[in-house]
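The values are calculated or read from the model by the stated rules, or taken from the named source; none is laboratory data. Note that this is a predicted model, so its numbers are computed, not measured. Cβ atoms come from the backbone with ideal geometry, glycine included; neighbour counts cover every protein chain shown. Please note that ligands, DNA and RNA were not included when accessible areas were found on the heavy atoms of the full protein model with its side chains. Shrake-Rupley method; radii C 1.70, N 1.55, O 1.52, S 1.80 Å.
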Amino acid sequence: MDHNEHKETRALSSSRRAYDLILRGLLYFCAAVTCLLLVFVIGYIFVRGLPHITWELLSTSPSYIKDTIGILPNIVNTVYLVVVTLIITLPLGVGAAVYLTEYAQNKKLVAAIEFATETLTGIPSIIFGLVGMLFFCQLLGLQASLLAGSLTLVIVTIPTIIRTTQESLKTVPQSYREAALALGSGKWYMIRTVILPSSIDGIVTGCILAIGRIVGESAALLFTAGMGMSMNNFFGSVDNFVHSSGASLTVALYVYARERAEFDVAFAIAAILMILTLVINLAASLVGRKLKKH
Amino acid sequence: MPTIIEAKNLDLWYGQKQALKKINLEIPERQITALIGPSGCGKSTFLRTIDRMNDLVPGVRVEGQMLYAGEDVYSPSVDVTWLRRKIGMVFQKANPFPMSIYDNIAYGPRIHGTRKKSELDEIVEKSLRGAALWDEVKDRLKKSAMGLSGGQQQRLCIARALAVQPDVLLMDESTSALDPGSTMRIEELMRELKKDYTVVIVTHNMQQAARISDRTAFFLLGEMVEVGPTDKIFSTPEDKRTEDYISGRFG
Amino acid sequence: MKQKVRPMETFMGAMFFACGIIAIAFVLFISLYLIVSGLPAIWEIGIVDFLFGTKWASTAAEPKFGILPFILTSIYGTCGAILIGVPIGFMTSVYLAKIASPKMASIVRPAVDLLAGIPSVVYGLIGMMVLVPAVREAFNLPDGASLFCAIIVLAIMILPSIISVSETALKAVPHEYEEASLALGATQIETIFKVSAPAASSGIAAAVVLGIGRAIGEAMAIMMVAGNVANMPSLFSSVRFLTTAVASEMAYASGLQRQALYSIALVLFVFIMIINVALNTLLKKKED
């Protein structure tokens, strides 16, 4: 009976229209909330931070005598972390990806490596920081140092490098490999001359993402790289290079905000970090787009 | 036989490209009408205009009229959900939802407001019987529909379409992906269905059109070249192009 | 044909193998290190007293090392963040995958990526400077730093991963399902919520699990908004999470206190491993 009644109603029943309207409204509402959040976060940081980014802040070290704050040491420390970490993590990560796509025969081993990679992605930074502190700083005697921080960040960033490189290696056509091998070149020669050059975009994407991770990282550095604010002379001696410690930009933000109540400086650093994030995302998407075209 | 669907001077564009040109076609009630023609001739587009599934394609534009029961389906007073309930559709590839057999059939009635379990049970059984699938699946209604064979899945899709009590059933090359045995079963089913429903099929398979349809319309390059009783179209077509196509000279 | 011996080839093969297993080595190394350094304190304190003790007073004359407050805070905080972040994130992903015009989506999607890339200390800073004072005013509290603030900040921080993972899942739903639903007279919204979303459910579940992992592991942003007092959790009191418990005392801890911090990290690690395995299972299921 009920069914026949429905048969004659033409327009959407009021309950269906309500369902439609409410859910559609919620969809727009939630999307708007996400967008507003973003606009607010970016806007707030820029409004509070940009006016305090001065040349003096960027180009000096903090001075108690003059009672000024400068973040040059933190910028330099961050650059140190990025460079040293990448120098170590890149060959390891690319090597691992090459092993997975070009060498590995054993399916179980591949599954285990992939599981381990995903596990590393999921481990919180604070755990990396703790293990890094225990192992690099204490056991290996590096103490709190940027080198120990970099080594810790190698573990943090290696999954990113492995994954992006692996993805781009997979897109290298099988025929390239066959052609190279048919010419009698050895596997290493083939990898060096054919595989790696054609997956360079993926490796670059991995680098960019890793830089993003390093620049944004804080919990893993707090106890490994130290919180010092003064300038290091890394290249003064080997000892300096190994044992210099200091705060990255993120850690400096934390210290200035939490312990020194220097909020203007904290916001200035936050604005710098936002700009870096923007640039990194933009670069990653540009390279990613180029990658897709191939 | 009274006409249930009628196209009057129907034009359709996908962006700049005209896919249907001044189509005039009457589809009588409770018969099987077959739309034939080579790929890209507009027969599927025409079918999808009847239940307005073409609305989903970005940049589509329609002019002229498509009447269902005397009413233009594109008029603002027609609710598209109502239209699509009255005009069911079965697709080329069987597309059961990744749910149980029961939930697949009950999906439409539930959407349209039937909640009572007893009523739903009744509809499910009736629809599955209507699609000649009941005996094969009655013991596993709660099992996933994805476990059925291709032919069974397609009959499930027919049952699912029947469950919302349509008047018309549109079948877009619904047997082209099936083996001959499953195709036979569905053709038999179509003959049964025409007692209660108007059936419009699009097919590549001319033997199929000849076997089961009452009327056949031949489409070419977006135009409807010729329509008539199937016997006549296949024995003494009036248009040279129809004759060429029927005799296999192109297509 | 004479087989040429190529020492370089053999050497590089071995090198690649070494790189290949490095991820496994790292995971094993971290696990072992945490177990070895985390177990002694649990042993000494007693597992029941450690896990279920409600009082943490590590520097008292008679120290107490009960981490139930941290465990519960981490669980409540994560649940709260999921409760807020998942609906908003899921709805946003539906909007992006199904409703938004391509132009709109091409603006919102990079914006979401940006949200994902913002360092956690930046979220912490905003939370500390905006949210904490606002909560203090709104609820008339002596101090706004609280579980509530942490939940809000975490909810925002997990949004991007939830959005991007569930959007991918929704986009992978075969178009045929949606066509079938529409052809039966369902509206677009009915189709999305009754066909597309259920069909994408394992991917959406993966998004939720990923969000849980992110939320439970976050440290720095929470340090800046949660107050860091080792209270049993309640919404508007100052609380300490598992992560912040490790971070806040590490700088000066020694002896048993320091070892107890390793044990907390071990507990956190166990939680994370459970979540990782769940995530992996879900993603595998999706592939099948």
- request: Would you check if there is a residue in segment A:136-150 being closer than 24 Å to C:Ala18 by Cβ and open to solvent by 60 Å² or more (accessible area, probe 1.4 Å)?
  value: yes
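Among C:Ala199, C:Ala215, C:Ala207, C:Ala230, which is away from chain A (no Cβ under 14 Å) and either crowded, with 21+ Cβ neighbours inside 10 Å or under 17 Å from the mean Cα position of the chain (by Cα) (or both)?
Working: C:Ala199 fails: either crowded, with 21+ Cβ neighbours inside 10 Å or under 17 Å from the mean Cα position of the chain (by Cα) (or both); C:Ala215 fails: away from chain A (no Cβ under 14 Å); C:Ala207 fails: away from chain A (no Cβ under 14 Å).
When all the criteria are applied, what remains is C:Ala230.
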message: Looking only at helices (runs of 4 or more DSSP H) that lie completely in segment A:207-294, which have at least 1 residues being of a type in the set (Ser, Thr, Tyr)?
response: A:249-258, A:263-293
- request: Would you mind stating whether B:Gln165 is in a helix (DSSP H, G or I), within 28 Å of B:Thr45 (Cβ to Cβ) and open to solvent by 20 Å² or more (accessible area, probe 1.4 Å)?
  value: no
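Tell me, yes or no, whether segment B:52-63 has at least one residue that is in contact (Cβ under 8 Å) with a residue 12 or more places away in the chain and touching a Lys or Arg at 6+ places or on another chain (Cβ under 6 Å).
Looking through segment B:52-63, at least one residue is in contact (Cβ under 8 Å) with a residue 12 or more places away in the chain and touching a Lys or Arg at 6+ places or on another chain (Cβ under 6 Å).
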query: Regarding A:Ala96, is this residue assigned to a helix (DSSP H, G or I), within 26 Å of A:Gly288 (Cβ to Cβ) and either more than 11 Å from every other protein chain (Cβ to nearest Cβ) or open to solvent by less than 10 Å² (accessible area, probe 1.4 Å) (or both)?
result: yes
field: Within segment B:207-251, considering residues that are open to solvent by less than 10 Å² (accessible area, probe 1.4 Å) and without any contact (Cβ under 8 Å) to a residue 60 or more places away in the chain, the one nearest to B:Met1 (Cα to Cα)
entry: B:Gly228
- prompt: Taking segment B:14-26 as the search range and keeping residues that are within 18 Å of B:Asp72 (Cβ to Cβ) and of a type outside the set (Val, Ile, Thr), which one is surrounded by the most Cβ atoms within 10 Å (Cβ to Cβ)?
  reply: B:Leu20
- prompt: A:Ile275 versus (1) closer than 14 Å to A:Tyr80 by Cα; (2) surrounded by fewer than 17 Cβ atoms within 10 Å (Cβ to Cβ); (3) among the β-branched types (Val, Ile, Thr): which is the lone unmet condition?
  reply: (1)
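Take the residues of segment C:120-153 that are assigned to a loop (DSSP other than H, G, I, E, B) and touching a strand residue (DSSP E or B) at 6+ places or on another chain (Cβ under 7 Å): which is farthest from C:Ala221 (Cα to Cα)?
Taking segment C:120-153 first, the residues assigned to a loop (DSSP other than H, G, I, E, B) are C:140-146.
Add one more test, that the residue is touching a strand residue (DSSP E or B) at 6+ places or on another chain (Cβ under 7 Å), and what stays is C:143, C:145-146.
On the way: C:Asp143: 17, C:Ala145: 12, C:Ser146: 12 Å.
So the residue we want is C:Asp143.
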query: If you take just the helices (runs of 4 or more DSSP H) that sit entirely in segment C:30-119, which of them hold at least 3 residues that are over 22 Å from C:Gly211 (Cα atoms)?
result: C:47-52, C:102-117
- request: Exactly one condition in (1) in a loop (DSSP other than H, G, I, E, B); (2) modelled with pLDDT under 90; (3) open to solvent by 20 Å² or more (accessible area, probe 1.4 Å); (4) not hydroxyl-bearing (Ser, Thr, Tyr) is not met by B:Arg30; state its number.
  value: (2)
field: Scan of segment A:76-93 for residues that are open to solvent by 20 Å² or more (accessible area, probe 1.4 Å), touching a residue at least 12 places away in the same chain (Cβ under 8 Å) and facing chain C (nearest Cβ under 10 Å), ordered by number
entry: A:Leu92
